[in-house]
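A.B. asks: The structure under discussion is supplied below as structure tokens; questions concerning it will follow.
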Amino acid sequence: MKSIERRNAVKEGARSRSTIRGVHLTFAAPAVIEVLAAVELDFVYLDGEHGCFDWRDIESACIAAERHRLTTIARVPDASAGTITRFLDRGVCGIVAPHIETIAAARAVVECAYFAPAGTRSFGGGRPEYGIRMESRPAYMRACNDTMSVCLMIESKAGLDLAGELAAVPGVDYLSFGMLDLAQSLGHPGDSSAPAVKAAVADATKRIHAAGKPVREDFMRFVWINDVLVAGAQHLLGTTP
């Protein structure tokens, strides 16, 4: 029995800098994934840190996305091996690791996300294959590595200071900034547009680019599901301000 075809539009976008589009979900809604697939999305972003999901929700979202050939990535609530493994075994093929502040933490994320020789990801035969659709486990594990994306989130001054070094860690595809947490860390709580915050992000972005990696804004466009619902309702009901 042949393995399921694997593709990661996010990893491809990070590599080519081609624009990809997606939706950021903060609650479980497989039907929303199916409906929005009609607007030619490339990926679905599950917010496992601040959103409301249980493990069944993560799995259902992955099933819905796979049905429409969408890549599923997830911001994990923590970057521990156990958490990352469970997300990957549900079908997620891109990890967004929050609050990364050290090289050791970045390397640990990579270790958890990739099978050997790139990492030490645990093999458990989770979905979508369940261990029964693999003509060759070595080939399957190589395919998983080839289609795994890793993003590190910088959300503090400590992360900013190491931006270039974090980007240089092998196995990291791109970086992103948690702007409100970052603003808070820099002494501007709630004000991510403060000049000092914008200048710090611009400087970190230059160092990330110098290391040969993109930041999320270089290739990724996405909308938050709450904004989609409100803007759509306002437009269709004629209540747009």
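The values are calculated or read from the model by the stated rules, or taken from the named source; none is laboratory data. Source: prediction; values computed, not measured. Methodologically, a virtual Cβ is constructed for each residue, glycine included, from the backbone with ideal geometry; neighbour enumeration extends over all protein chains shown. Quick note on the areas: whole protein, heavy atoms, side chains included, nothing else; ligands and nucleic acids left out. Shrake-Rupley method; radii C 1.70, N 1.55, O 1.52, S 1.80 Å.
A.B. asks: Under a Cβ-Cβ cut-off of 14 Å, what is the net charge of the residues other than S156 that fall near it, where Lys and Arg count +1 and Asp and Glu count -1?
C.D. replies: -3
A.B. asks: Sequence gap at least 6, Cα distance under 8 Å: using those rules, report the relative contact order of the range 1-129 to the nearest whole percent.
C.D. replies: Answer for the range 1-129 is 20 percent.
A.B. asks: Provide the per residue accessible area, probe 1.4 Å, for the chain, rounded to a whole number of square angstrom.
C.D. replies: Per-residue value: 48 Å².
A.B. asks: Using the Cα centre of the chain as origin and beta-carbon charges of +1 (Lys, Arg) and -1 (Asp, Glu), tell me which of I103, A14, T239 is placed farthest towards the positive end of the dipole.
C.D. replies: The residue sitting most towards the positive pole is A14.
A.B. asks: Quick check on the chain: helices-only [θ] at 222 nm, where DSSP H runs of length 4 and up contribute -39,500 (n - 2.57) each and the sum goes over total residues. Nearest 500, please.
C.D. replies: One gets -12500 deg cm²/dmol as the mean residue ellipticity at 222 nm.
A.B. asks: With a 1.4 Å probe and every protein chain kept in, tell me what percent of the accessible surface of the chain is carbon plus sulfur.
C.D. replies: Accessible surface attributable to carbon and sulfur in the chain totals 55 percent.
A.B. asks: Pop out the Kirkwood hydrodynamic radius of the range 92-162 from its pairwise C-alpha distances, inverse of mean 1/r, in Å to one decimal.
C.D. replies: Final number for the Kirkwood radius of the range 92-162 is 13.3 Å.
A.B. asks: If I build a Gaussian network model for the chain, linking alpha-carbon pairs within less than 10 angstrom, which residue out of Y140, Y45, Y174 has the largest mean-square fluctuation?
C.D. replies: Judging by the Gaussian network model, the answer is Y140.
A.B. asks: Now for a separate question. When you take every Cα atom in the range 1-149, what is the radius of gyration, and what is Dmax, the widest Cα pair distance, in Å?
C.D. replies: 14.6, 43
A.B. asks: GNM, the chain, Cα, under 10 Å: largest mean-square fluctuation among A194, A143, A108?
C.D. replies: A194
A.B. asks: Dividing the Cα convex hull volume of the range 139-241 by residue count, how many Å³ per residue is that?
C.D. replies: In the range 139-241, the Cα hull volume divided by residue count equals 141 Å³.
A.B. asks: In a GNM of the chain with a 10 Å cut-off on Cα contacts, which of V44, V110, V201 has the highest mean-square fluctuation?
C.D. replies: V201
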